Amino acid sequence: MRPEQVSVILNQEFKSVLQGHHTPVMLWGAPGIGKSQIIAQIASEHNVNMIDIRLSQMEPSDLRGIPFKNGEQVDWAIPSLLPNEKRHGKQGILFLDEITSAPPSVSAAAYQLILDRRLGDYIVPDGWVIFAAGNRQGDRGVTYSMPAPLANRFSHYELEVNLDDWVAWAYKNDIDERIIGFLRYRPEHLFEFDPTHNPVAFPSPRTWAFTHRALQKFEGNLNLFRAAASACVGEVAGVEVATFIEHLEDLPDLDAIVNGESVSIPDAIDLQYAICSALVGRAISVKGKDNAEKIWGNILNFARNFPQKELGVMLVSDMQRAIGEEIFAIPEFVNWAGAIADTLFD
């Protein structure tokens, strides 16, 4: 399932918990594709706490708490890491990350917590949802087969990698436009993981974020950036992204494009992808400013000029995801849509 769809489902689960309709959710997927990031994003969007419990680092007794003598009986001290309405808020997310890496004896201790929302005398606050995530057994992680009683306590979704969803996330999170342009140009490099080879460094949404950081640190020295990128995403993708960025010296004048001047489009297809990603960045940067519609209109006019019309469609689609429905009210959008329709369906 696409990340965008999973995000919608998790949002609805969060909203439904107070009505008593929440079902604990288990996200499955390969390493580095953003399972934890999506859940953290839900917490951020709703401005609530997320308590991240790694069952793989716990003993069975860690969840149940510590027994202590209370008069003639034994009570249990509730672990402070479990959600508490006074300390953590009325609503929040209890996130059981890496749950498939927990030994069966530990995961069994969570059965009651997940299904009944309680552990002994402890009760999960009504406004808290329970999400979990883990790798599949074929992903060469430290994983155990999920016991049937535990699996039956969740609804299950398998997260897939999707370039459009990653690009939308990348623009929102200020990932360098050059990284976005490269992955638009070479989409097969977004995620390349072969568990049979057990690679140390491989391309994934997570490691492309690392590569973005490397570019900020070593932008002035492409040799060092090439080495740093290779350390993040592997040698093949690392060398290719460094070469791509090196060629960007031949980009046309982007300021002239956003100002509505006539600019020739280079023949090199990698430069055309780079232009698209850079122009989306320019469109985002002027949102809310007085000249936003003028600049967006100039970009839309430019989008009509690509020899491969699919690139113009990609540019405008990424703009729409980034800046929203405001783009539809611009007269140049109607002109662009008409020109594209005439071309595609001629």
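Evaluate E = 1/(1 + (r/R0)^6) for D121 and Q5, where r is the Cβ-Cβ distance and R0 equals 30 Å; express this FRET efficiency to the nearest 0.05.
It comes out at approximately 0.20.
Of G312, G29, G288, which has the largest mean-square fluctuation in a 10 Å C-alpha GNM of the chain?
Comparing G312, G29, G288 in a Gaussian network model of the chain, the most mobile one is G288.
For E85 and T196, compute 0.36 nm times the residue count separating them, minus their Cα-Cα distance, and round to one decimal in nm.
Working: separation 111, 0.36 × 111 = 39.96 nm, distance 4.55 nm.
The E85-T196 span can extend by a further 35.4 nm.
Just to check, using Stokes-Einstein with a Kirkwood Rh over alpha carbon pairs, what's the diffusion coefficient of the chain at 4 °C and 1.567 mPa s in µm²/s?
For the chosen part, D equals 57 µm²/s.
Report, please, the projected area of the range 1-80 averaged over directions, based on the convex hull of its C-alpha atoms, in nm².
Answer in nm², one decimal: 7.8.
Before rounding to the nearest 500, sum -39500 (n - 2.57) across all DSSP H runs of length at least 4 in the chain and divide by the residue total; then give [θ] at 222 nm in deg cm²/dmol.
-14500 deg cm²/dmol
Between R213 and Q37, how high is the FRET efficiency from 1/(1 + (r/R0)^6) when r is the Cβ-Cβ distance and R₀ = 25 Å? Nearest 0.05.
With a Förster radius of 25 Å, E is 0.95.
Tell me the relative contact order for the chain as a rounded percent, counting alpha carbon contacts under 8 Å between residues six or more apart.
The normalised contact order for the chain reaches 15 percent.
Put +1 on the Cβ of every Lys and Arg and -1 on every Asp and Glu Cβ in the chain; which of A237, S105, I42 then has its Cα farthest towards the positive end of the dipole?
Sorting the options by dipole projection puts first S105.
If you find the alpha carbon centre of the range 24-102 and of the range 105-174, how far apart are they in angstrom?
Comparing the Cα centres of the range 24-102 and the range 105-174, I get a distance of 11 Å.
Of I180, P199, I9, which is farthest on the positive side of the dipole of the chain, counting Cα position, with +1 on Lys and Arg Cβ, -1 on Asp and Glu Cβ, and the Cα centre as origin?
I9
Can you tell me the dipole magnitude for the range 228-300 around its Cα centre, using point charges on the Cβ only (Lys, Arg +1; Asp, Glu -1), in Debye to the nearest 20?
Rounded to the nearest 20 debye, it is 460 debye.
Among Y122, P147, H88, which residue has its Cα positioned farthest towards the positive end of the charge dipole of the chain, with +1 placed on the Cβ of Lys and Arg, -1 on the Cβ of Asp and Glu, and the dipole taken about the Cα centre?
Going by the Cα projections, it comes out as Y122.
With only Lys, Arg, Asp and Glu charged, each at its Cβ (+1 for the first two, -1 for the last two), find how big the charge dipole of the range 261-334 is about the Cα centre; round to the nearest 20 debye. Let's see the in-between values first.
On the way: 7 positive and 10 negative charges, 19 e Å.
Computed charge dipole of the range 261-334: roughly 100 debye.
Please report, to one decimal in angstroms, the Kirkwood hydrodynamic radius of the range 22-142 built from all distinct Cα-Cα pairs. Numbers along the way, then the final one.
On the way: mean 1/r = 0.0654 Å⁻¹.
Result for the range 22-142 stands at 15.3 Å.
About its Cα centre, what dipole magnitude does the chain give when the only charges are +1 on Lys and Arg Cβ and -1 on Asp and Glu Cβ, stated in debye to the nearest 20?
The dipole of the chain has a size of about 1200 debye.
Mind checking the per residue accessible area of the chain for me, 1.4 Å probe, whole number of Å²?
Value for the chain: 50 Å² per residue.
The values are calculated or read from the model by the stated rules, or taken from the named source; none is laboratory data. What you see is a predicted model, and the numbers here were worked out from it, not measured in a lab. Positions of Cβ are backbone-derived with ideal geometry, glycine not excepted, and every protein chain shown enters the neighbour counts. We work out accessible area using only protein heavy atoms, side chains counted, and drop any ligands, DNA or RNA first. Shrake-Rupley method; radii C 1.70, N 1.55, O 1.52, S 1.80 Å.
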